[in-house]
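The values are calculated or read from the model by the stated rules, or taken from the named source; none is laboratory data. Because the structure is a prediction, the values reported are computed rather than measured. As a convention, Cβ positions derive from the backbone with ideal geometry for all residues, glycine included, and neighbour counts pool all protein chains shown. Just so you know, the surface numbers come from the protein's heavy atoms only, side chains and all, with ligands and any DNA or RNA stripped out. Shrake-Rupley method; radii C 1.70, N 1.55, O 1.52, S 1.80 Å.
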Amino acid sequence: MDTYLETERLVLRRFTGGDVELLVELDSDPEVMRYLTGEPTPRDEVERKVLPEILARYETHPGLGTFAAHETSSGRFVGWFGLQPTGEAGTVDVGYRLTRSAWGQGYATEGTRALIDHAFGTLGMTRVVADTMAVNTRSRRVMAKSGLRFVRVFHVAFDDPLPGTEYGEVEYAIDRSTWEAGARA
């Protein structure tokens, strides 16, 4: 296993070409996809687009990407965590998607905190951002518990908006100096 990062309870690794089933299973749960696309991702889309884009990101942006998350104790796949380029130098976007069976166990916060620490401590980033739908209160709680701070509400026009889109998207962020101050506290 090509380990990217380890936390107390999780191992994050690079995805491989053989991980189609893990992504199909994750993205086939309508509740997991509720605030993303609102519907399951078709298998052919995972095979043709989703997984190839994940694998290509490792080459185009070394140190960044989407990483499969497994429980350290059981090896069970629980979802993924990612650090993605934003187009703004020194800024990365942190995100995650977890299987419903992994919800409510603190994994989202644990993995997000670890990625924020990695972004600043290892990758030398100056800012970490995250966003979600304003109505996605569970993800907003994870962002806040991970040390990210509310920045703004913004609105995006979608061709096929999900329920709740009218309330906008929210951005959370933390900069290096705030992270360093918290790390010393």
Are any of the residues in segment 13-33 of a type in the set (A, V, I, L, M), open to solvent by 60 Å² or more (accessible area, probe 1.4 Å) and touching a residue at least 60 places away in the same chain (Cβ under 8 Å)? no
Looking at (1) β-branched (V, I, T); (2) open to solvent by 30 Å² or more (accessible area, probe 1.4 Å); (3) within 25 Å of M143 (Cβ to Cβ), which one does T60 not meet, given that it meets all the others? (3)
Scan S74, S101 and give me the residue that is open to solvent by 20 Å² or more (accessible area, probe 1.4 Å) and under 15 Å from E6 (Cα atoms). S74
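So that you can scan it fast, the table gives a plain yes or no per residue for (1) hydroxyl-bearing (S, T, Y); (2) closer than 27 Å to T122 by Cβ:
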{"site": "R9", "(1), (2)": "no, yes"}
{"site": "L23", "(1), (2)": "no, yes"}
{"site": "D27", "(1), (2)": "no, no"}
{"site": "R34", "(1), (2)": "no, no"}
{"site": "P40", "(1), (2)": "no, no"}
{"site": "Y58", "(1), (2)": "yes, yes"}
{"site": "L64", "(1), (2)": "no, yes"}
{"site": "P85", "(1), (2)": "no, yes"}
Can you name the strands (runs of 3 or more DSSP E) wholly within segment 91-181 that have at least 1 residues being closer than 20 Å to D27 by Cα? 91-98, 127-133
Step by step: first the residues of segment 115-135, then only those that are touching a residue at least 60 places away in the same chain (Cβ under 8 Å) and open to solvent by less than 20 Å² (accessible area, probe 1.4 Å), then the one that is farthest from Q105 (Cα to Cα). Which residue is that? F120
Could you count how many residues in segment 69-85 are assigned to a strand (DSSP E or B) and within 10 Å of A102 (Cβ to Cβ)? 5
